[in-house]
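The values are calculated or read from the model by the stated rules, or taken from the named source; none is laboratory data. Everything numeric in this text was worked out from a predicted model, so none of it was measured. Don't worry about glycine lacking a Cβ; one is built from the backbone with ideal geometry, like all the others, and counts go over all protein chains shown. Just so you know, the surface numbers come from the protein's heavy atoms only, side chains and all, with ligands and any DNA or RNA stripped out. Shrake-Rupley method; radii C 1.70, N 1.55, O 1.52, S 1.80 Å.
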Amino acid sequence: AVVSTQSGHYGRGPLYMKVGIITKAQGSVYFEMGNTKLIAAVYGPKEIIRREEFSLQGKVFCEFKFMPFARKHYCEPRQNFEEKMISKCICDAMEGVILLEKFPKAQVDISIQVLQDDGSAISLALTAASVALINANIEVKDLVVGTTLRFFDNNEILVDPTMEEEHGPFSRYTGGAGFYMAVLPSLTQISSLKQTGKIEQSQARDCIETCWEACLRLATGIKKLLQNSIEDDVQRPDT
Amino acid sequence: KQWYQRRVAITAGIEDDFRTDGRSCEDYRQIEIETRNLPNTNGSSRCRIGKTEVLVGVKAEVVDVDLHNPTRGKINIAVDCSATASPQLAGRGSETIEQEILSVLNLLYSSIDALNLTDLCIVKGESCWLLNIDVLFVGCGGNIFDAASVALKAALHSTTMPNVSVSGEGIEMELEISDDPYQVWKLSTAMCPICVTLYQEGESFAVDVTEEESECSEGYVHVGVLPSGEVSAMEKSGAGNMDPTALLEMIDAAVRIGMDIHKQLDRHLHAESTTATL
């Protein structure tokens, strides 16, 4: 396991990443960006639990959850509607990159828990899920990197906003839009995208372009960190 | 194997702008709209696109305001897919699709601009109107999201809200809801968005897909379009990756098509309301 920080990712300062923190999971990663902290764990590929769901392609199950203490208000221990939709979104994004044909009759479980939410949690969760999959040695087409944007009426753009910037006095109730996007850097494709709030078409284009650049920058940093962690594992193999 | 060949045929056709029913990729099937079809509601509509049929009912009730927003009313959207709509929806099969439709409709109406919620406030800090919006699918034939959004706008347009008179103050405040069918006011739906869903098929995209075409696609985008041509919401779903230039083209197409639908819908709704007899 390797500990490293990455500077140069504009928006909110460095992203701190540590892989392999959960020993029981096949793959796991801990992400910390500012005050947003989350853990992603991947279990699998393992035999599919429900035998009626036999298929020639592997299945992906994803669970996203805010911890009860993650936000200012108490989050119920059971998944609510918002978390179910985010889980589906992450599941779709991961299904788009995993080579499902490589593990028929098997399933992969991805679990993402947000320990502290200070904004930009969903895009960070998408990135974390993909890094955890790579740590689990599951074959993927590409890394998935996500970034959130907050767009204001005066054409100002904030990358990876904090909770206050995302929902505070500048919330959708006073104009502007929130936007997150996940990108496959090597294949140059968009994996996931969501925008809330009113914007014009040209502003939509600007949002997509800014997000794209931010994602690519983040991707180079993450790839380097993953490389370091693999080299470390090779030199100092764990049991 | 036959299905695979058919899938290839459908995808190739769409890439050449020619679909199995002869439409082009940006053509909608005929949209049928009917409003005020449910008598026990404040507003209702029925929308049919091909085999997809959806009913929307709007019922208003007086509730306490939300402490975080004491000057605004509320809306609550619920979606139900009747088991008769499609064989896959019997039992619990409809849960996922209902949740997805609800998520899209909530996304469209999450913006404060969509419906003027301050109009729904009766007494600031005390009472407001809650609009219970129920969407019921009685037929599923592809393109359910767009049908739901069109039906929702039509239902809200047809909604008549009764006048409320407030007497007394503080604890002794009483609200009297008028029974007079002529003492009503209408909601403003000028900023209600319509969802245009574009499905990616191969290297091209299509709108208003049939069920068959939707099974061939990898990924789709919902774009919420306002009558002014602004984009009110956007969400990409489905397991499949999109090229950014393709996405920008899709947004362009969605805005064009959305504005056109808004214009025709507004014209039809206006004509209906001026010829309607109470």
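Every residue, every condition in (1) open to solvent by 40 Å² or more (accessible area, probe 1.4 Å); (2) modelled with pLDDT under 90, yes or no:
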residue: A:V42; (1), (2): no, no
residue: A:G58; (1), (2): no, yes
residue: A:K88; (1), (2): yes, no
residue: A:E95; (1), (2): yes, no
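For residues that are polar (S, T, N, Q), within 14 Å of chain B (Cβ to nearest Cβ) and under 13 Å from A:I122 (Cβ atoms), tally how many sit in the range A:36-95. Of the residues in that region, 1 qualify.
Summed over the range A:61-85, residues that are out of contact with any helix residue (DSSP H, G or I) (no Cβ under 7 Å at 6 or more places or on another chain), touching a residue at least 40 places away in the same chain (Cβ under 8 Å) and crowded, with 17+ Cβ neighbours inside 10 Å total 1.
Any idea how many residues of the range B:233-250 are at the interface with chain A (Cβ under 7 Å from one of its Cβ atoms), outside any loop (DSSP other than H, G, I, E, B) and crowded, with 21+ Cβ neighbours inside 10 Å? Number satisfying all stated conditions: 7. B:G13 passes every criterion in (1) within 16 Å of the chain's Cα centre (by Cα); (2) not in a loop (DSSP other than H, G, I, E, B) apart from (1). Of B:L136, B:L156, B:L175, all but one fail to be outside any loop (DSSP other than H, G, I, E, B), modelled with pLDDT under 90 and more than 14 Å from chain A (Cβ to nearest Cβ); the exception is B:L175.
Within the range B:96-116, the residues that satisfy the criterion of being more than 12 Å from the chain's Cα centre (by Cα) and more than 10 Å from every other protein chain (Cβ to nearest Cβ) are B:I97, B:E98, B:L115, B:N116. Do we find a residue being assigned to a loop (DSSP other than H, G, I, E, B), closer than 22 Å to A:A204 by Cα and within 14 Å of chain A (Cβ to nearest Cβ) anywhere in the range B:215-223? Scanning the range B:215-223, I find at least one residue that is assigned to a loop (DSSP other than H, G, I, E, B), closer than 22 Å to A:A204 by Cα and within 14 Å of chain A (Cβ to nearest Cβ), so the answer is yes. Quick one: would you say B:E230 is under 16 Å from A:I208 (Cα atoms) and either in contact (Cβ under 8 Å) with a residue 60 or more places away in the chain or open to solvent by 30 Å² or more (accessible area, probe 1.4 Å) (or both)? The answer is yes for B:E230. The set of residues from the range B:42-73 being in a loop (DSSP other than H, G, I, E, B) and touching a residue at least 60 places away in the same chain (Cβ under 8 Å) comprises B:N42, B:G50, B:K51, B:V65. Applying the criterion of being touching a residue at least 12 places away in the same chain (Cβ under 8 Å) and outside any loop (DSSP other than H, G, I, E, B) to the residues of the range B:265-278, the residue that is nearest to A:M94 (Cα to Cα) is B:L265.
Residues in the range B:68-80 that are modelled with pLDDT under 90 and either polar (S, T, N, Q) or touching a Gly at 6+ places or on another chain (Cβ under 9 Å) (or both): B:N69, B:P70, B:T71.
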